[in-house]
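The values are calculated or read from the model by the stated rules, or taken from the named source; none is laboratory data. Small disclaimer: the values here were computed from a predicted structure and weren't measured. Neighbour counts are summed over all protein chains in view; Cβ atoms, including those assigned to glycine, are modelled from backbone coordinates with ideal geometry.
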């Protein structure tokens, strides 16, 4: 058990230190928000499935690990967060599997990575419906691979839309385009979800 704790600490702790330190360094100049976002959209990606530690994590270790799985946790001016209560609520809602003796594994990390993004644009029950449908007939690894492929494509496409050197007028026009496009896509997503058949008893069935 002591050896396992050492392995877990090595996996989850030090990897996060550079980002935290950079944010807290008082002498560092403030990073331009548009420049930071463009850079994160181009380079920040969740771990590939095979690189997610195949060990079980306790809640604090899970939250620490998730800080580098979702771009919203990395941006300096973002107020996105993940708390123990949120994780427990996802479990109660049936969209995240129950912990095994208060420990979380790769399956939890994979699904939670998707939840952290999807809940920024959908209600929790809509996230549950979408995940239920996307996981039908496939395992979490397959779903996670598809999710990260889509994420990579869309982050790269959006990064290309951002020009940190643009003047105020051009930046405002681009922000307006992204707002209208975002609204149209959220509207389409929610409407498409309503057209899909959903099985009763949300917390289904893994054989």
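Yes/no matrix, rows are residues, columns are (1) under 30 Å from residue 199 (Cα atoms); (2) not in a loop (DSSP other than H, G, I, E, B):
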position	(1), (2)
72	no, yes
77	no, no
86	yes, yes
91	yes, yes
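Looking only at helices (runs of 4 or more DSSP H) that lie completely in segment 106-207, which have at least 3 residues being crowded, with 16+ Cβ neighbours inside 10 Å and in contact (Cβ under 8 Å) with a residue 40 or more places away in the chain?
106-118, 124-135, 140-160
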* **Options 14, 53, 18: the member that is at pLDDT 50 or above and over 30 Å from residue 172 (Cα atoms)** => 53
* To do: Starting from segment 50-66, take each residue that is in contact (Cβ under 8 Å) with a residue 24 or more places away in the chain and list its partners that are not in a helix (DSSP H, G or I), counting only C-beta distances under 6 angstrom and pairs at least six apart or across chains.
  => 56/103; 56/105; 57/104; 62/104; 63/82; 66/82
